[in-house]
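Quick notes on the structure that follows.
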Amino acid sequence: MLLALWAGVEAAFPLRRRVQTRARRWRINAAIAATASMVIRGVQIPVALAVAAAVSAAGVGLIGWIGIPGLAAGVLGFVLLDYTTYVWHRLNHRVPFLWRFHRVHHTDLDLDVTTAFRFHFGELALSVAYRAAQVAIIDAAPVALLTYEIVMNAATEFHHSNTKLPLRWERLLNLALVTPRMHGIHHSIVERETNANWSVIFSWWDRLHRTLRLDVPQDAIAIGLPAFRRPQELTFRRLMLMPFGGQRPTWQLPDGETPDRSLHTDPRRLVA
């Protein structure tokens with residue numbers, strides 16, 4: 001339902017011009033999402049819920065140690081899950097082995113709501129242990145975990161959508177939340193811009209760690225990765241095999257050049 005809503009909204013109010021036809025991309029992203037869903041539903045969520053139930057029953061973990069009451073514990077658990085998800089996202093960009101899998105998400109040559117589901121099943125399988133550790137250390141209760149999963153998925157669809165919000169609305173929302181313009185910069189082919197804006201729900205974490213960039217106009221952004229600019233390379237089969245084959249330099253264009261941009265504006269200033 002939410003997917004259909006955003007697909008309609010972004011079609012009516014597009015933020016960036018598309019470079020590919022929807023039909024081909026959506027078929028590929030749907031196939032990737034189907035394989036990812038098997039890991040999420042079959043392994044990741046069941047394991048995390050089992051750990052959450054065990055830790056809550058044992059009363060161990062950070063929240064149990066602090067000893068705060070139910071509602072406050074749920075809110076704290078939600079916030080800490082989001083912070084540690086920021087850390088995981090950042091690790092996926094910084095650790096070469098994890099990047100092999102995560103870059104499948106970034107190879108999309110357009111950015112829209114379907115990109116929110118374009119995650120290699122291997123990346124999600126690798127995240128199972130991390131999510132279990134998150135839940136165990138934080139002592140997030142099952143209800144807090146399920147709430148976070150639902151809100152995180154909704155937020156991911158929102159900030160990946162190609163939706164042009166009024167700039168005043170986006171500036172206001174971005175004080176607390178990740179927005180389409182903010183996340184669009186994260187999908188730029190310029191490495192310095194991709195290595196920013198790692199937050200998932202709350203934009204606070206990028207502000208806290210000084211990894212926030214809001215100074216790149218959307219019409220100046222080329223979406224994707226420099227090494228993968230040919231749509232014929234981005235088939236479902238090739239994307240599934242991408243993490244396991246030879247790894248070409250990600251940040252070089254096919255002609256050998258490295259995209260870059262010189263900006264002299266405040267990186268915290270949201271632009272159109």
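The values are calculated or read from the model by the stated rules, or taken from the named source; none is laboratory data. Since we're looking at a predicted model, the values are computed, not measured. Reconstructed Cβ throughout: ideal geometry from the backbone, glycine too, with neighbour counts over all protein chains shown.
Would you call residue 85 in contact with a helix residue (DSSP H, G or I) (Cβ under 9 Å, 6 or more places away or on another chain), surrounded by 20 or more Cβ atoms within 10 Å (Cβ to Cβ) and not aliphatic (A, V, I, L, M)? Walk me through how you get there before you give the answer.
On the way: in contact with a helix residue (DSSP H, G or I) (Cβ under 9 Å, 6 or more places away or on another chain): yes; surrounded by 20 or more Cβ atoms within 10 Å (Cβ to Cβ): yes; not aliphatic (A, V, I, L, M): yes.
Criteria met by residue 85.
Report the residue count in region 175-189 for those that are surrounded by fewer than 21 Cβ atoms within 10 Å (Cβ to Cβ) and farther than 18 Å from residue 113 by Cα.
Qualifying residue count, region 175-189: 2.
Each row is one residue, and each column tells you yes or no for (1) touching a strand residue (DSSP E or B) at 6+ places or on another chain (Cβ under 9 Å); (2) closer than 18 Å to residue 102 by Cβ; (3) modelled with pLDDT of 95 or more.
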| site | (1), (2), (3) |
| --- | --- |
| 143 | no, no, no |
| 148 | no, no, yes |
| 162 | yes, no, yes |
| 173 | no, no, yes |
| 177 | yes, no, yes |
| 180 | yes, no, yes |
| 199 | yes, yes, yes |
| 208 | no, no, yes |
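Residues of region 156-170 being surrounded by fewer than 20 Cβ atoms within 10 Å (Cβ to Cβ) and not charged (D, E, K, R), which ones?
156, 165, 166, 167, 169
Looking for something within 18 Å of the chain's Cα centre (by Cα) and closer than 29 Å to residue 33 by Cα - is there at least one such residue anywhere in region 251-263?
Of the residues in region 251-263, the ones within 18 Å of the chain's Cα centre (by Cα) are none.
Taking every residue of region 251-263 in turn, none turns out to be within 18 Å of the chain's Cα centre (by Cα) and closer than 29 Å to residue 33 by Cα.
Tell me which residues, restricted to region 161-195, are assigned to a loop (DSSP other than H, G, I, E, B) and of a type in the set (Ser, Thr, Tyr).
161, 179
Would it be correct to say that residue 255 is surrounded by 13 or more Cβ atoms within 10 Å (Cβ to Cβ) and free of Cβ contacts under 8 Å to residues at least 60 places away in the same chain? Can you show your working first?
Values: surrounded by 13 or more Cβ atoms within 10 Å (Cβ to Cβ): no; free of Cβ contacts under 8 Å to residues at least 60 places away in the same chain: yes.
Judged against the criteria, residue 255 is not a match.
Report the residue count in region 43-73 for those that are within 27 Å of the chain's Cα centre (by Cα), surrounded by fewer than 19 Cβ atoms within 10 Å (Cβ to Cβ) and of a type in the set (Gly, Ala, Ser).
Residues in region 43-73 being within 27 Å of the chain's Cα centre (by Cα), surrounded by fewer than 19 Cβ atoms within 10 Å (Cβ to Cβ) and of a type in the set (Gly, Ala, Ser): 3 in total.
Which members of region 197-232 meet the condition of being in a loop (DSSP other than H, G, I, E, B), free of Cβ contacts under 8 Å to residues at least 24 places away in the same chain and either surrounded by fewer than 21 Cβ atoms within 10 Å (Cβ to Cβ) or hydroxyl-bearing (Ser, Thr, Tyr) (or both)?
Kept after step one, since they are in a loop (DSSP other than H, G, I, E, B), are these residues of region 197-232: 197-201, 203, 210-217, 221-222, 224-230.
Those still in the list that are free of Cβ contacts under 8 Å to residues at least 24 places away in the same chain too: 197, 210.
Listed by number, the list holds a single entry, 210.
Which of the residues belonging to region 117-129 are surrounded by fewer than 18 Cβ atoms within 10 Å (Cβ to Cβ) and touching a residue at least 40 places away in the same chain (Cβ under 8 Å)?
125, 128
Please give the helices (runs of 4 or more DSSP H) falling wholly within region 1-104 in which 2 or more residues are farther than 26 Å from residue 234 by Cβ.
Values: elements: 2-12, 22-39, 45-58, 62-66, 70-94.
Correct list: 2-12, 45-58, 62-66, 70-94.
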